[in-house]
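Inspection log for the structure reproduced underneath, given as structure tokens.
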Ligand code: ADP
């Protein structure tokens, strides 16, 4: 309660008023007492003092009456001066004492009263002092004493008297008592005023401060909706304005920080790399969906030990200095993940894990390596053949002519093979790099299929195959958009394969039709077919079910992969259709209009 500014203000005011009144009271009371004492001695001086010439005859006649030992006359003379001496029965009295014994002789008050005075004990000193020739004794009075007095020796010849004036200070005590009551009343009024004043002050000073406090509490709770009203131009007014400015700047800064945080949150949420942050004790603080996806479990339900404890102990990561980090690799099912663990520098410590999915990259690397190995292998075989036949021809001059011719035929066919491989590789690399521009045109699909069938007809006949065109009956094939020559190359490859991999005397059927916005072409044969385990891979580069057979048939193992690339560039698909009986069916699906497909993308 006493800690509130209001109470402190009241207390200060009360203390101030009380101490002020006490000081003023004490000062006034002391002054009044001093004035009264001064007044007493001045009165005595005016009657008995040497400084006033008018007194000399009075003191002289006192002495002469003293010489005659006429105490009643002395009494009469002093009473004649009662007004000047300020004598008052209750307050100020005079006593005529024997100068030698100090005994009471006469006075304005009785002997009993004199005996009760504090000075009666002390009269010996007075007497001694007078005997020693002192003129006046006790003409000083202590301000703190309860009385004041004066002893005047009257000596003449052998007789000695003391006129003793005693004042019990009742006047000044009464006065001081009244003053004390007045001061007390003033103090009460002052206290009352100070309490009222402090309320007034609190209205002008404390209420704005309280309002400022409320505003500060609102801002601390994140409510920036209303500024605090500025009601004065004094220091509190300036403080309020400054506070409002500060709150505005704080709000702007918070908004900017919030925006940045939102951006980071969005990035965090949608980034393809997984991110998990851990507290110093290993508990998961935050993680993005990618992290859970990559690790194949809800990361939030685990801790560091369970997730990455095997890769690196948490303490090791926490002890690293930024920008150092620990990296490792993690296999989760089919996935290969690169893992980076780094400390987060904040007071509590913590760690951050970043996961990068490198499965596709590794697969590509593998494929590239396999591809290079395949290319080298495919080229080395014909090259070895060419070299060995050429060496034989060079070393043996006796080879018969027809044998030379057959060797040369082999050399020519092997170089043709190499040329085909190189050409296929070139085509593939152009398709891969996007350099092979498609020459788009609109052409009737039926015409393109027919021209392919015609081109292979002779070859089919040579193998006694029956080439059946199934599409002719009923279905009107549309005009499609595409690179005609490339699409014919695809169909040629597929029909060519059907002829190649079907033992002589088989049936090759070509069918086509329309489904929705697409056209489809199916080439079926009654040949050796493709085993289930190879069906997935026959569109891979250099993949062949039976290498020797393919080579014997002049295949490179690249035909279907080129076909696949071309069809993909046309936004179509090429696949093996499920097929009853022996042989196999290859199905190609192409959009009728390329523009529409591109728009839909
Ligand atoms: P290739 O030049 O060897 O024919 P492709 O890429 O055209 O290469 O074909 C890849 C492999 O797919 C062939 O080696 C062959 O084993 C198999 N294949 C393709 N078409 C057929 C088919 N109609 N019947 C049987 N096997 C086929």
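The values are calculated or read from the model by the stated rules, or taken from the named source; none is laboratory data. If you're wondering where the values come from, they're calculated on a predicted model, not measured in any experiment. Because the Cβ atoms are built from the backbone with ideal geometry, glycine has one as well, and the counts that use them run over all protein chains shown.
Among the residues of segment 470-512, write down those that are part of a loop (DSSP other than H, G, I, E, B) and either crowded, with 18+ Cβ neighbours inside 10 Å or within 16 Å of the ligand (Cβ to nearest atom) (or both). Before the answer, list the steps.
Within segment 470-512, the first condition is being part of a loop (DSSP other than H, G, I, E, B), and the residues that meet it are 470-478, 501-506.
Within segment 470-512, 471, 477, 501, 502, 503, 504, 505, 506 qualify.
Can you list the strands (runs of 3 or more DSSP E) lying wholly within segment 255-367 that have 1 or more residues being surrounded by fewer than 13 Cβ atoms within 10 Å (Cβ to Cβ)? Working first, answer last.
Working: elements: 274-279, 284-287, 326-332, 335-343, 350-357.
So the answer is 326-332.
Select, from 102, 133, 83, the only residue that is modelled with pLDDT of 85 or more, more than 60 Å from the chain's Cα centre (by Cα) and either in a helix (DSSP H, G or I) or on the phi > 0 side of the Ramachandran plot (or both). Steps first, please.
Numbers: 102 fails: modelled with pLDDT of 85 or more; 133 fails: modelled with pLDDT of 85 or more.
Only one candidate passes the filter, namely 83.
Residue 25 versus (1) modelled with pLDDT under 90; (2) assigned to a helix (DSSP H, G or I); (3) surrounded by 18 or more Cβ atoms within 10 Å (Cβ to Cβ): which is the lone unmet condition?
Single failed check for residue 25: (1).
Can you report the number of residues in segment 514-535 which are assigned to a strand (DSSP E or B) and either surrounded by 15 or more Cβ atoms within 10 Å (Cβ to Cβ) or within 10 Å of the ligand (Cβ to nearest atom) (or both)? Explain how you work it out, then say what you get.
Within segment 514-535, the first condition is being assigned to a strand (DSSP E or B), and the residues that meet it are 514-515, 518-524.
This time we only want the ones that are either surrounded by 15 or more Cβ atoms within 10 Å (Cβ to Cβ) or within 10 Å of the ligand (Cβ to nearest atom) (or both), so: 514, 518-524.
Final tally of qualifying residues: 8.
One residue is enough: does segment 229-243 have a residue meeting the conditions in contact with a helix residue (DSSP H, G or I) (Cβ under 8 Å, 6 or more places away or on another chain), in contact (Cβ under 8 Å) with a residue 60 or more places away in the chain and buried (at least 18 other Cβ atoms within 10 Å of the Cβ)? Explain how you work it out, then say what you get.
First, pick out the residues of segment 229-243 that are in contact with a helix residue (DSSP H, G or I) (Cβ under 8 Å, 6 or more places away or on another chain): 229-232, 236-237, 239-240, 243.
Checking the rest, the ones that are also in contact (Cβ under 8 Å) with a residue 60 or more places away in the chain come to none.
No, segment 229-243 has no match at all.
Collect the residues in segment 536-548 that are more than 7 Å from the ligand (Cβ to nearest atom) and either surrounded by 14 or more Cβ atoms within 10 Å (Cβ to Cβ) or at positive phi (or both), keeping them in residue-number order.
In the first step, residues of segment 536-548 are kept if they are more than 7 Å from the ligand (Cβ to nearest atom); the result is 536-537, 539-542, 547-548.
Selection gives 539, 540, 541, 542, 547.
Which count do you get for residues in segment 549-593 that are under 16 Å from residue 535 (Cα atoms), more than 8 Å from the ligand (Cβ to nearest atom) and touching a residue at least 40 places away in the same chain (Cβ under 8 Å)?
Looking only at that region, the number is 9.
Would you call residue 9 under 30 Å from residue 210 (Cα atoms) and surrounded by fewer than 17 Cβ atoms within 10 Å (Cβ to Cβ)?
Values: under 30 Å from residue 210 (Cα atoms): yes; surrounded by fewer than 17 Cβ atoms within 10 Å (Cβ to Cβ): no.
No; evaluated as a whole, the condition is false for this residue.
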